[in-house]
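Each reported figure results from applying straightforward, stated rules to the coordinates on display, with no laboratory input. All values reported here derive from a predicted model rather than from experimental measurement. Here the Cβ positions follow ideal geometry from the backbone for every residue, glycine too, while neighbour counts run over all protein chains shown.
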Amino acid sequence: MQYPNFTTPITRIMKLFVAGLPTDMDEAELEEFFEKYGPVKTVSIARDRATKRTKGFGFVEMENSLHAKTAIQTLNGLGIGRKKLLVKEAQ
């Protein structure tokens with residue numbers, strides 16, 4: 001009988017909420033920002049339906065919750081231009 005290895009933490013996909021995005025940032029740039037901390041599954045930036053301009057927030061799904069938590073700790077409060085990023089687990 002094999003028992004689970006409890007020294008290895010269980011990882012799961014984690015969805016992050018990201019606010020304070022510059023209006024000229026696109027999905028590829030946002031993905032590049034987060035993939036420094038681990039594999040990114042999906043990226044989406046909220047846009048106005050009429051103008052297609054970004055609303056300044058979006059979501060990033062990371063494949064590993066430990067990598068996502070590292071990204072939160074590192075990027076939350078980081079200044080980009082005149083804005084500071086808000087990065088937290090999506091609810």
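Condition first: more than 19 Å from residue 25 (Cβ to Cβ) and surrounded by 15 or more Cβ atoms within 10 Å (Cβ to Cβ). Now tell me which residues in the stretch 35-53 satisfy that.
The answer is 38, and nothing else.
Tally time: how many residues in the stretch 36-81 are more than 18 Å from residue 12 (Cβ to Cβ), out of contact with any Pro (no Cβ under 9 Å at 6 or more places or on another chain) and assigned to a loop (DSSP other than H, G, I, E, B)?
10
Filtering the stretch 69-87 down to residues that are out of contact with any Leu (no Cβ under 6 Å at 6 or more places or on another chain) and surrounded by 15 or more Cβ atoms within 10 Å (Cβ to Cβ), which residue is farthest from residue 36 (Cα to Cα)?
Here the residue is 86.
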